[in-house]
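Single-structure report; data block below.
Nothing in this text is a laboratory measurement; each read-out follows from the coordinates by a stated rule. Keep in mind that what you see is a predicted model, and the values were worked out from it rather than measured. Cβ placement follows ideal geometry from the backbone for every residue including glycine, while neighbour counts extend to all protein chains displayed.
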Number of protein chains: 2
Amino acid sequence: MPKLWNETIDAHRAAVREAILDTTAKLVAEGGLRSVTMSQVAERTGIGRATLYKYFSDAEAVLLAWHERQIAAHLEQLSDISHQTGTAVERLTAVLEAYAGIARQRHGGELAALLHQGEHVTHAEQHLQGMLQHLLAQAAQAGDLRSDVPPAELAQYCLHALTAAAGLTSQAAVTRLVSVTLDGLRPHSLTY
Amino acid sequence: MPKLWNETIDAHRAAVREAILDTTAKLVAEGGLRSVTMSQVAERTGIGRATLYKYFSDAEAVLLAWHERQIAAHLEQLSDISHQTGTAVERLTAVLEAYAGIARQRHGGELAALLHQGEHVTHAEQHLQGMLQHLLAQAAQAGDLRSDVPPAELAQYCLHALTAAAGLTSQAAVTRLVSVTLDGLRPHSLTY
């Protein structure tokens, strides 16, 4: 086949795949992870079940692909924020606020636990850990944050503390959580 | 059968059950959750496989029973600490230190995620949440901890922040994590 034809096919396949994942995102938002079934995804995407099975072997594979895309988008969003203008502590604050917002959306249950065992999650967590570590070290050097605890440990503290956002029902509570978490990072000498 | 006989049987059954769970604890400590198999448990407890199956239907049931006993023991330990003498903030600090030590032992992987979905965990978390909330409210009233954030939210913050202990390799790092977490709880006016 000529090259142009191949490119057209590739573009078509990529577009169908994206449409499938867009539908998955809608189904998850409406009814949670368990509501994603092969028939629902096919019907709502406007493709046949046979076509859907050419892309994904089962609903779990669809969910995994959707989750990978979701995690990648979140990581990109956080990375963009970390590169904005401002001091290290300002950028760190913005990243932590965005991360808490993401953590708040997290789904519970067995299926969510399984998705979060995926390698893509480990990889994203390492990336995020590195990003925070860098900002924490910069902010400590500037004297804005504590320097008596290794940045790697402070990054882990932040990431874990902010997962408490998953149980919060208001944006005000999320803001308070971020503020409490940040207070744990202040220079030690100012705290006492 | 006479009452005494029944009591003897009950005591015997309870003793065998405890012995099975003691073996399970040893196997988990030696080789992790996956190393708990029905044959290993029977052999190391010194009972026949047929007897073991009278107590538990499969390895997952053994693990669940062991985990329930484990969680109950941890909760009792934390409750004892929370009732020791001292100010509220002193007792809270002691509870958080003990909790971080427990969180550090936590196993990872799919099986651990499944165990932690159990109702006994939800129940224990609620109990612990209540315990912390009470101490946090007392300490805030005494002016030792912040009062600008509801105690329920601060309790969630503590419990999540301290799960970071699972990834720490030294006791010194765990101590630093507890200290950072506590700094997040200090009165707001002193932090700035």
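Across identical copies of the chain, residue A:112 has label-point separations of 1.9 nm, listed in ascending order, with the point defined 7 angstrom from Cα along Cα→Cβ.
Between segment A:67-119 and segment B:136-192, the C-alpha centres lie 23 angstrom from each other. Computed on chain A, with alpha-carbon pairs under 8 angstrom and 6+ residues apart, the relative contact order is 19 percent. Note that segment B:23-40 has calculated 3J(HN,Hα) couplings of 4, 4, 4, 5, 4, 4, 4, 6, x, x, 4, 5, 7, 7, 10, 4, 5, 4 Hz, one per residue in order, obtained from phi through the Karplus relation 6.51 cos²θ - 1.76 cosθ + 1.60 (θ = phi - 60°); glycine and proline are x.
Charge dipole (Cα centre; +1 on Lys/Arg Cβ, -1 on Asp/Glu Cβ; no other charges) of the protein assembly as shown amounts to roughly 400 debye. In segment A:59-191, the inverse of the mean reciprocal separation of distinct Cα atoms equals 15.5 Å; this is its Kirkwood hydrodynamic radius.
Take the Cα of residue B:171, step 7 Å toward its Cβ, do the same at residue B:116, and the gap between the two points is 2.5 nm. Counting Lys and Arg as +1 and Asp and Glu as -1 over every other residue whose Cβ lies under 14 Å from the Cβ of residue A:153, the net charge comes to +1. A simple count of charges around residue B:105, restricted to other residues whose Cβ falls under 15 Å of its Cβ and scoring Lys, Arg +1 and Asp, Glu -1, yields +2.
Packing here is the average count of other Cβ atoms within 10 Å per residue, and on that basis the peptides A:6-12, B:131-137, highest first, run B:131-137, A:6-12. Put a plus charge on the Cβ of each Lys and Arg, a minus charge on the Cβ of each Asp and Glu, and nothing anywhere else: the dipole of segment A:1-46 about its Cα centre is then about 80 debye.
Applying both filters, DSSP loop and at most 14 other Cβ atoms within 10 Å, to the GluC sites (Glu not before Pro) of segment A:110-149 eliminates every site. Peptide B:141-151 is shielded by partner chain Cβ atoms: per residue, an average of 1 of them sit within 10 Å of its Cβ.
Segment B:1-56 gives an Rg/Rh value of 1.09, both radii derived from C-alpha positions and Rh following Kirkwood. Mean per-residue shielding of peptide A:164-173 is 3, counting Cβ atoms of other chains within 10 Å of each Cβ. A simple count of charges around residue B:81, restricted to other residues whose Cβ falls under 11 Å of its Cβ and scoring Lys, Arg +1 and Asp, Glu -1, yields -3. The label point for residue B:5 and the one for residue B:123, both projected 7 Å from the Cα toward the Cβ, are 3.3 nm apart.
Here the protein assembly as shown was treated as a single set of alpha-carbon atoms; its pair distances binned every 20 Å from 0 give 23, 47, 26, 4, 0 percent.
For segment A:59-191, a simple Cβ point-charge model (Lys and Arg +1, Asp and Glu -1, everything else neutral) yields a dipole of about 320 debye relative to the Cα centre. Taking every residue in A:107-117 and counting other chain Cβ atoms within 10 Å of its Cβ, the average works out to 2.
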